[in-house]
Every structure is written in structure tokens, then in C-alpha cells.
Amino acid sequence: QVQLVESGGGLVQAGGSLRLSCAASERPLNAMGWFRQAPGKEREFVASITWHSVDKSYGDAVKGRFTISRASANDTVYLQMNSLAPEDTAVYYCAQGRTIAVITSTDGFVRWGQGIQVTVSS
């Protein structure tokens, strides 16, 4: 089974940037995605990408600010987050999709990382 490990989270001021990384224990081949969950809220779709980077999709809340990418050299998926705002504060999860196609719902993903905290101060 593919194991996913997130890194790169932390505390940043509003307007700042962070880059999250998701290292896979082996090449996932299926689509990969990022979700986030704030306290008391449901898990929210952030972005997804096919492993060959042909297709990408973004949640409405992050369009124009976040960019998903992947590096086949090290089987890692990245989430570049710019213009961060306090409402972006959440635990961010990396996930492996059930298929190669871009998916935006949680039930389309079969394997999840442990999550990493991102906190944006005002």
C-alpha cells in the first residue's frame, strides 16, 4: 500500500505563503489530491491532479491562490499556497485517488496522509 506523509505546514501571517509536500512511499499512478478540515467543519476539497499532470482541479475557495503540482522524480505532490488568509487555517490532508481521473469528493480517495496543521494569523 502507498503511504503518504505530509510536511511543510506551520504558522504564517496573513498574506504569506507556504508550500506543503506529500511524499509517497511508491509512485501512486492514480490522481492525487489535497483536502483540508477546520475545527467543527467538514473536510473540504482543495485541489487534485492526475499523476501525469494533464488535469488539475481546484476548490472555489483557493482558485487563483493555490497551485498543485507533482514531481515524478521523487513521487511527491506539492501544494503551493499564496496570499494566505485566516480562513485557510485547517489541517491539510494529502490523499490518493481511486482512479487516474481528477476527483473532487472525499469518497473518491482511498488513502490519506496523517494531516498537517496550517495556521494563518491575522
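The values are calculated or read from the model by the stated rules, or taken from the named source; none is laboratory data. All values reported here derive from a predicted model rather than from experimental measurement. When we count neighbours, we look across all protein chains shown, and the Cβ atoms used for this are built from the backbone with ideal geometry, even at glycine. Each accessible area value is taken on the protein alone, full model and side chains, heavy atoms only, with ligands, DNA and RNA left out. Shrake-Rupley method; radii C 1.70, N 1.55, O 1.52, S 1.80 Å.
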Among the residues of the stretch 74-97, is there at least one that is at pLDDT 95 or above, in contact with a helix residue (DSSP H, G or I) (Cβ under 9 Å, 6 or more places away or on another chain), aliphatic (A, V, I, L, M) and crowded, with 17+ Cβ neighbours inside 10 Å?
yes
Test each condition in (1) open to solvent by 60 Å² or more (accessible area, probe 1.4 Å); (2) within 20 Å of THR50 (Cβ to Cβ) for GLY108 and report the one that comes out false.
(1)
Looking at SER53, is it within 17 Å of ILE100 (Cα to Cα), of a type in the set (S, T, N, Q) and exposed (fewer than 15 other Cβ atoms within 10 Å of the Cβ)?
yes
Could you please tell me which pairs satisfy a Cβ distance under 6 Å, a separation of 6+ or placement on different chains, a first residue in the stretch 57-80 that is farther than 13 Å from TYR92 by Cα, and a second residue that is assigned to a loop (DSSP other than H, G, I, E, B) and open to solvent by 30 Å² or more (accessible area, probe 1.4 Å)?
SER57/VAL102; SER57/THR104; ARG65/ASN82; ARG65/SER83; ASP75/ARG27
Every residue in the stretch 1-44 that is surrounded by 18 or more Cβ atoms within 10 Å (Cβ to Cβ), of a type in the set (A, V, I, L, M, F, W, C) and either without any contact (Cβ under 8 Å) to a residue 24 or more places away in the chain or assigned to a loop (DSSP other than H, G, I, E, B) (or both), please.
ALA31
Please find, within the stretch 56-72, the residue that is modelled with the highest pLDDT out of those that are under 13 Å from CYS22 (Cα atoms) and open to solvent by 40 Å² or more (accessible area, probe 1.4 Å).
SER69
